1. Considering only the stretch 28-44, I want to know if a residue exists there that is part of a loop (DSSP other than H, G, I, E, B) and within 17 Å of residue 123 (Cβ to Cβ).
2. Which one is surrounded by the fewest Cβ atoms within 10 Å (Cβ to Cβ), of the residues in the stretch 40-65 that are under 14 Å from residue 22 (Cβ atoms) and more than 20 Å from the chain's Cα centre (by Cα)?
3. Answer with yes or no whether residue 62 is in contact with a helix residue (DSSP H, G or I) (Cβ under 7 Å, 6 or more places away or on another chain), closer than 24 Å to residue 116 by Cα and modelled with pLDDT of 95 or more.
4. If only one of 86, 68 is under 27 Å from residue 38 (Cα atoms) and either at pLDDT 95 or above or assigned to a helix (DSSP H, G or I) (or both), which one is it?
5. Does residue 80 count as modelled with pLDDT of 90 or more and loosely packed, with under 12 Cβ neighbours inside 10 Å?
6. Any idea which of (1) within 22 Å of residue 116 (Cβ to Cβ); (2) in contact (Cβ under 8 Å) with a residue 40 or more places away in the chain is the one residue 29 doesn't satisfy?
7. Kindly indicate the residue of the stretch 112-153 that is closer than 16 Å to residue 87 by Cβ and under 11 Å from the mean Cα position of the chain (by Cα) and also modelled with the highest pLDDT among those meeting that condition.
């Protein structure tokens with residue numbers, strides 16, 4: 001299946017190595033930050049022979065990195081984060097205030113673009129705009145919660 005992806009051989013080998021790590025360590029993975037160390041040692045056989053003098057060890061596919069480093073447990077937490085963000089955005093979009101809806105759509109759109117881009121760039125957690133957008137999502141969704149609350153007397 002990985003062979004059919006429209007990616008170069010290095011990216012395919014990085015994905016294959018990540019999948020192998022996940023298969024070998026399914027529950028908790030190889031440890032946070034462990035992908036690079038593992039591909040340069042235990043999973044060296046996945047590095048293409050023509051790249052072994054200058055190997056690429058940074059995986060550019062965030063979902064595979066999360067699975068390889070943190071296993072099924074970490075992948076479920078990561079997916080839970082994405083679902084929680086989506087729920088917060090949807091709650092804020094239902095706000096009666098147009099400015100709040102626009103802010104929610106913008107922040108949610110930024111998060112979506114970053115999630116998609118992180119499957120090709122390998123910088124989900126280090127992307128500064130992710131944290132700005134997540135902060136915006138929290139602010140607009142929390143404000144929507146206050147709108148729904150009964151007025152204090």
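1. Here is the first cut: in the stretch 28-44, the residues part of a loop (DSSP other than H, G, I, E, B) are 28-33, 40-43.
Cutting the leftovers down to within 17 Å of residue 123 (Cβ to Cβ) gives us 32-33.
Within the stretch 28-44 (the criterion being part of a loop (DSSP other than H, G, I, E, B) and within 17 Å of residue 123 (Cβ to Cβ)), the answer is yes, since at least one residue qualifies.
2. Residues of the stretch 40-65 under 14 Å from residue 22 (Cβ atoms): 42-43, 46, 59, 61-65.
Checking the rest, the ones that are also more than 20 Å from the chain's Cα centre (by Cα) come to 42-43, 46.
Details: 42: 15, 43: 22, 46: 19.
By that ranking, first place goes to 42.
3. In short, no.
4. 68
5. Values: modelled with pLDDT of 90 or more: yes; loosely packed, with under 12 Cβ neighbours inside 10 Å: yes.
Answer is yes for this residue.
6. The one condition residue 29 does not meet is (1).
7. Only one residue tops the list, namely 112.
Every residue, every condition in (1) more than 13 Å from the chain's Cα centre (by Cα); (2) surrounded by 13 or more Cβ atoms within 10 Å (Cβ to Cβ), yes or no:
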| site | (1), (2) |
| --- | --- |
| 67 | no, yes |
| 87 | yes, no |
| 99 | yes, no |
| 102 | yes, yes |
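The values are calculated or read from the model by the stated rules, or taken from the named source; none is laboratory data. Not measured: the values here are computed from a predicted model. Cβ coordinates were reconstructed from backbone atoms using ideal geometry, including for glycine residues, and neighbour counts include every protein chain displayed.
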